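One structure is given below, encoded as structure tokens.
The values are calculated or read from the model by the stated rules, or taken from the named source; none is laboratory data. Predicted model, so just to flag it, every value in this text is computed and none were measured. Heads up, the Cβs are rebuilt from the backbone with ideal geometry, glycines too, and the neighbour counts pull from every protein chain shown.
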Amino acid sequence: MANRTFYKAESYGTSRVYAEFRFVAPGAGTSVATANIDGADLVASIAHVAGTNKFTVTLKDAFNKVIAHSTDVVESTAGGAGNYASAGNFANEGTSAPIAFNIFTWNAAGTPRNDATDTIAVTLAFRNGNWGVK
């Protein structure tokens, strides 16, 4: 699994890793510069499909399992109250490849918020190994 040293966290469970990052969505741009990612040491890349509400995030590390995740629009440049983000399609769990997943942005009515320029925050909890897994 992840091949770096992590600070010990108090948690219910073993081998837990907690991580957060945030970024500003690039509008019609197709990528987010890592210099613009708060928490960039976790993130290898964020790609955006222009004209859509889809971002593909690739992390730098492999983990056994994504235990929990939260994705939120923390600042909406369009002033749209109720805009939100969701995450899914987690890939490469339990392999030697880094975790990858998608983030989608939506407006309050639930329609895709294409080419958003919002600030998006992501919180993740991982299991970093399969020790004690039944």
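Go through the residues of segment 59-67 one by one and say whether even a single one is over 17 Å from G29 (Cα atoms) and β-branched (V, I, T).
Yes, because at least one residue in segment 59-67 is over 17 Å from G29 (Cα atoms) and β-branched (V, I, T).
Only one residue in V57, V24 is closer than 19 Å to R113 by Cβ, in contact with a helix residue (DSSP H, G or I) (Cβ under 7 Å, 6 or more places away or on another chain) and of a type in the set (V, I, T). Which one?
Exactly one residue qualifies, and that residue is V24.
Please determine whether any residue of segment 96-106 is without any contact (Cβ under 8 Å) to a residue 12 or more places away in the chain, under 24 Å from R127 (Cβ atoms) and in a strand (DSSP E or B).
no
Please verify whether S31 is within 16 Å of T117 (Cβ to Cβ), modelled with pLDDT under 90, touching a His at 6+ places or on another chain (Cβ under 9 Å) and among the small types (G, A, S), treating the condition exactly as stated.
When the stated conditions are applied, S31 passes them.
Provide a single number: the residues in segment 36-65 that are surrounded by fewer than 17 Cβ atoms within 10 Å (Cβ to Cβ) and touching a Lys or Arg at 6+ places or on another chain (Cβ under 8 Å).
The qualifying residues number 4.
Hey, I99 hits all of (1) within 20 Å of T58 (Cα to Cα); (2) β-branched (V, I, T); (3) out of contact with any Leu (no Cβ under 8 Å at 6 or more places or on another chain) but one; which does it fall short on?
Looking at each condition in turn, I99 falls short on (3).
Name the single residue that is surrounded by the fewest Cβ atoms within 10 Å (Cβ to Cβ) among those in segment 26-35 being among the aliphatic types (A, V, I, L, M) and within 24 Å of D61 (Cβ to Cβ).
A35
Just give me the residues in segment 97-131 being small (G, A, S) and at negative phi, in sequence order.
Residues satisfying the conditions are A97, A100, A108, A109, A116, A121, A125.
Scanning segment 36-65 for residues that are among the small types (G, A, S), touching a residue at least 24 places away in the same chain (Cβ under 8 Å) and part of a loop (DSSP other than H, G, I, E, B), which turns out farthest from V17 (Cα to Cα)?
Only one residue fits best here, namely G51.
Return a yes/no flag: does segment 89-107 have any residue that is closer than 25 Å to G27 by Cβ and modelled with pLDDT under 85.
Checked against the condition, which is being closer than 25 Å to G27 by Cβ and modelled with pLDDT under 85, segment 89-107 yields no hits at all.
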